[in-house]
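The values are calculated or read from the model by the stated rules, or taken from the named source; none is laboratory data. None of these values were measured; they are calculated from a predicted model. Don't worry about glycine lacking a Cβ; one is built from the backbone with ideal geometry, like all the others, and counts go over all protein chains shown. These area figures cover heavy atoms from the full protein model, side chains too; ligands, DNA and RNA do not enter into them. Shrake-Rupley method; radii C 1.70, N 1.55, O 1.52, S 1.80 Å.
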Amino acid sequence: MSFASETKTELLQASQAQAVCCAEAQLYGSLLFGHTFSAGEISLRTENRAYAEALCEQLHTMALVNTQFTQTGRKWGLAIPRAEDRLRVLQRFGHGPGDLNLRIAEENFNCESCRRAFLRGVFLSCAVVSAPERHYHLEFCVGYKKLALALAALLEALELPTKLCQRRGVWLAYYKDSAQMEDVLTTLGAQHAVLELIHIKIEKDMRNNVNRQVNFELANMGRVSGAAAAQLLAIKKLRACGALAALPAPLQEAARLREENPDVSLRELCDLAAAPTTRSGMNHRLKKLEALAGEGPEIESE
Ligand SMILES: [Zn+2]
């Protein structure tokens, strides 16, 4: 399941145990931001069958409205076929038959949680969330500018300030920052989605840091052998954790010589040492440094 459909499924489950006023506010959000909400037509389309079914059931129990349930490809459609039923629904939510219905009727919000429930309905009907592994993007797609402005004002009131733009005749209230997305999903009550988002963010950051570190090391070690590169990393690690200065003098000398001469052979390092040293003796010290670094704490990445 995609991140988007997982989030919507979570919200559907979360909305099962809410107060009657909030359930109605959520239904209102779903219908107002569905496909059409007018005396001539009330309809919406969704890829989530459970959502469409839940709406049908809710409309039926709430206002004794008959709904029409259709399937077209991967989309589920919901409509209210009878004119008098549509009128009853409009009136129930404070809209008249002549309205263009490009406003949010605030009188539908009774308790403190009603706005959030309404937004949940809006999200289920018209939000698009991209897979956060690629990039962060959450948008509400609205057919009318006036309605999009009304939604932006509501989001502002919920401390979720958004940006508006127009794309191919549709108005978008969007977020493209992971922290903002977390705020929106928290407000909606999608705790699992928020955790998932944080998890993905940490993994992404870690991958970026490791890549940066490796690139940095490779750039610095472009001309040294694999063995010398490993020794240099070990020395860096020992210094970072403060262990280098506490080592016996011959080991410190080997470390210093290697750092000062990253691209010379073992034989040349021996020649540079203060006291006569054999090739195997120098090799032993460098290996010792690597072994110590392997046991030491991990070097901190930037
Ligand atoms: Zn409520």
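Results, tabulated for the structure shown:
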{"item": "Helices (runs of 4 or more DSSP H) wholly inside region 139-222 containing at least 3 residues that are open to solvent by less than 60 Å² (accessible area, probe 1.4 Å) and over 21 Å from Ala14 (Cβ atoms)", "result": "145-157, 191-220"}
{"item": "Within region 275-290, tally of residues that are open to solvent by 50 Å² or more (accessible area, probe 1.4 Å) and at pLDDT 90 or above", "result": "9"}
{"item": "Hits in region 23-40 - residues which are open to solvent by less than 10 Å² (accessible area, probe 1.4 Å), within 15 Å of the ligand (Cβ to nearest atom) and aliphatic (A, V, I, L, M)", "result": "Ala25, Leu27"}
{"item": "Residues satisfying the stated conditions in region 109-128, i.e. within 23 Å of Leu87 (Cβ to Cβ), open to solvent by 20 Å² or more (accessible area, probe 1.4 Å) and within 14 Å of the ligand (Cβ to nearest atom)", "result": "Phe109, Asn110"}
{"item": "Count - residues of region 76-92 that are in contact with a strand residue (DSSP E or B) (Cβ under 9 Å, 6 or more places away or on another chain) and either of a type in the set (A, V, I, L, M, F, W, C) or in contact (Cβ under 8 Å) with a residue 60 or more places away in the chain (or both)", "result": "6"}
{"item": "Failed item, numbered, when Leu44 is tested on (1) surrounded by fewer than 21 Cβ atoms within 10 Å (Cβ to Cβ); (2) in contact with a His (Cβ under 9 Å, 6 or more places away or on another chain); (3) of a type outside the set (Phe, Trp, Tyr)", "result": "(1)"}
{"item": "Subset of region 11-21 that is touching a residue at least 60 places away in the same chain (Cβ under 8 Å) and either of a type in the set (A, V, I, L, M) or closer than 26 Å to Trp171 by Cα (or both) - its residue that is surrounded by the most Cβ atoms within 10 Å (Cβ to Cβ)", "result": "Leu11"}
{"item": "Test: Phe93 is touching a Cys at 6+ places or on another chain (Cβ under 9 Å) and either open to solvent by 80 Å² or more (accessible area, probe 1.4 Å) or within 16 Å of the ligand (Cβ to nearest atom) (or both)", "result": "no"}
